[in-house]
Amino acid sequence: MSYLDFINQRGQSVEMHGFDPVWMPDCLFDFQLYLVEWSLRKGRSAIFADCGLGKSLMELVWAANVVRQTKGRVLLVTPIAVGLQMLQEAEKFGIDGCSRSKTGDLASEIIVTNYERLHYFDAKDFSGVVCDESSILKDFKSKTKDAVTAFIRQVPYRLLATATAAPNDFHELGTSSEALGELGYRDMITKYFKEDQRTHGSVRQKYRFREHAKIHFWRWVSSWARACRKPSDIGFSDDRFELPPLHINEHTVKASRPADGMLFALPARDFREERAERKATINERCDKVKDLIAGKDYAVCWGHGNAECDRMEQVIDGAVQVSGKDSDDNKEAKFEAFQRGDAPYMVIKPKIGAWGLNWQHCCYMTTFPSHSYEQYYQSMRRLYRFGQQRPVTVDIVTTEGEERVLKNLTRKASQADQMFTELTREMQNATSVELDTFTQKSEAPPWM
């Protein structure tokens, strides 16, 4: 192999690694049909579609096409809470050959499992893999990201699907690119970003775009991903996806007494003070939640710590808590009870139930602020999604000392909106990463 051939082989291109669709069910909306067809022809791609736009259905149709084309199997990996719902979606839309496996058995063509069970499977047994809620890959240092990336890079056909691809920073898109066989995370950073020692408020931004690289970055992402928060982002009508009003309210409660050594409450200045503030106001905040949900037919009460969730379960009549100590079967039983209406009030942490679940029967939730925009957004979109018929109310219960947390959440929300705006703008101008062209000939030193 010549050096030029080696360089060309290492370059990124918009080459399609897939195939033309072999089966498309009538239940797909027009924009869903477009996204599935594009992702099948691409072969290794990502769909960053907002909550409620039907990613589960698109994933199942994509998997069914890979099965029919290759006569092989597809592994569909989900968060723990979503596995059973994925099977229900398959049955609802008439997608056959779909079963669930927790121990690595291969009982059907489409195998649904959760990320914690991935080590039971061998990548060689599959022609395709789907990562549902693939934002799990965003942390480039996590063991889960390493394990998932190592697994799916051995599989010919790959699909990543999430509504929050890079909830905290743009360069987190590099972990998705790496999993799909595009630029690796470090290569992406080197090409498009540079280190920045400046500060933004109290948050240090480690990287910023290189001069003139921004537009090329978004065009490159658009060569392997499609993103939309509504069908019109990709040229289709929003008529059937207009949602009812969303009402977000803030309720500030006061601590029974100020922090030691203080005459009155002050905004927390760091994570230590924020933790102390939350600990000191557990009773006040949870009692406020109890008052807010009085008279509601259904409600989801989100908490971030065990003490918060235990307190809410204790003071709210009829509340059922899904906790980390529950077995997978117990979690699923409680989810089903809530969806059936047997348990009107759900107490849960976002890290357990904020991804993938459909709770359109409920139109009310409470939450406490945190620094995770992704958890907040995903929590809210369990209710506020396609199929919701009533206005949705989100009550944020906060304290006088959590001003810094709310400001950080607002900043991250703005950044996420910017990412989707940039990405959708460049989707129609998707280009490959161009190889640098050198015009000067290299010369060997005289002493060689």
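The values are calculated or read from the model by the stated rules, or taken from the named source; none is laboratory data. Worth saying up front: this structure is predicted, and the values here are computed from it rather than measured. Please note: Cβ atoms are built from the backbone with ideal geometry, for glycine as well, and neighbour counts cover all protein chains shown.
The table that follows gives values for the structure above.
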read-out: Evaluation of residue 119 against (1) surrounded by fewer than 20 Cβ atoms within 10 Å (Cβ to Cβ); (2) out of contact with any Pro (no Cβ under 7 Å at 6 or more places or on another chain); (3) closer than 12 Å to residue 74 by Cβ (one fails), failing number; value: (3)
read-out: Checking residue 384 against (1) modelled with pLDDT of 90 or more; (2) in a loop (DSSP other than H, G, I, E, B); (3) touching a Phe, Trp or Tyr at 6+ places or on another chain (Cβ under 9 Å), the condition it does not meet; value: (3)
read-out: In segment 100-109, the residues that are more than 28 Å from residue 350 (Cβ to Cβ), surrounded by 14 or more Cβ atoms within 10 Å (Cβ to Cβ) and in contact with a strand residue (DSSP E or B) (Cβ under 8 Å, 6 or more places away or on another chain); value: 108, 109
read-out: Residue count, segment 43-86 (criterion: of a type outside the set (Gly, Ala, Ser) and part of a strand (DSSP E or B)); value: 8
read-out: Any hit, segment 359-378, residues being in the same structural domain as residue 276 (by TED's automatic domain parsing), aliphatic (A, V, I, L, M) and either modelled with pLDDT under 90 or in a helix (DSSP H, G or I) (or both); value: no
read-out: Where a residue in segment 337-365 is within 21 Å of residue 162 (Cα to Cα) and its partner, wherever it lies, is polar (S, T, N, Q), with Cβ under 6 Å and at least six apart; value: 350/375; 350/379; 354/375; 354/378; 354/379; 355/378; 360/388
read-out: Among (1) surrounded by fewer than 23 Cβ atoms within 10 Å (Cβ to Cβ); (2) part of a helix (DSSP H, G or I); (3) at pLDDT 90 or above, the one test that residue 31 misses; value: (1)
read-out: Matching residues in segment 409-419 - criterion: being surrounded by fewer than 19 Cβ atoms within 10 Å (Cβ to Cβ) and not aliphatic (A, V, I, L, M); value: 410, 411, 414, 415, 417, 418
read-out: Selection status of residue 261, part of a loop (DSSP other than H, G, I, E, B), modelled with pLDDT of 85 or more and surrounded by fewer than 18 Cβ atoms within 10 Å (Cβ to Cβ); value: no
read-out: Residues satisfying the stated conditions in segment 73-99, i.e. basic (Lys, Arg) and buried (at least 19 other Cβ atoms within 10 Å of the Cβ); value: 73
read-out: Hey, residue 192 over 25 Å from residue 76 (Cβ atoms) and either modelled with pLDDT under 80 or not assigned by TED's automatic domain parsing to the domain that holds residue 230 (or both) or not; value: no
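Residues checked against (1) surrounded by 20 or more Cβ atoms within 10 Å (Cβ to Cβ); (2) aliphatic (A, V, I, L, M):
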site	(1), (2)
332	no, no
336	no, no
341	no, no
360	no, no
371	no, no
379	yes, no
384	yes, no
389	no, no
392	yes, yes
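Per-residue answers, yes or no, for (1) more than 22 Å from residue 54 (Cβ to Cβ); (2) assigned by TED's automatic domain parsing to the domain that holds residue 20; (3) under 14 Å from the mean Cα position of the chain (by Cα):
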{"residue": "102", "(1), (2), (3)": "yes, yes, no"}
{"residue": "112", "(1), (2), (3)": "no, yes, no"}
{"residue": "121", "(1), (2), (3)": "yes, yes, no"}
{"residue": "126", "(1), (2), (3)": "yes, yes, no"}
{"residue": "129", "(1), (2), (3)": "no, yes, no"}
{"residue": "134", "(1), (2), (3)": "no, yes, yes"}
{"residue": "138", "(1), (2), (3)": "yes, yes, yes"}
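Residue-wise test of (1) in the same structural domain as residue 33 (by TED's automatic domain parsing); (2) among the aliphatic types (A, V, I, L, M); (3) more than 19 Å from residue 337 (Cβ to Cβ).
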residue: 52; (1), (2), (3): yes, no, yes
residue: 55; (1), (2), (3): yes, no, yes
residue: 60; (1), (2), (3): yes, yes, yes
residue: 63; (1), (2), (3): yes, yes, yes
residue: 66; (1), (2), (3): yes, yes, yes
residue: 70; (1), (2), (3): yes, no, yes
residue: 77; (1), (2), (3): yes, yes, yes
residue: 80; (1), (2), (3): yes, yes, no
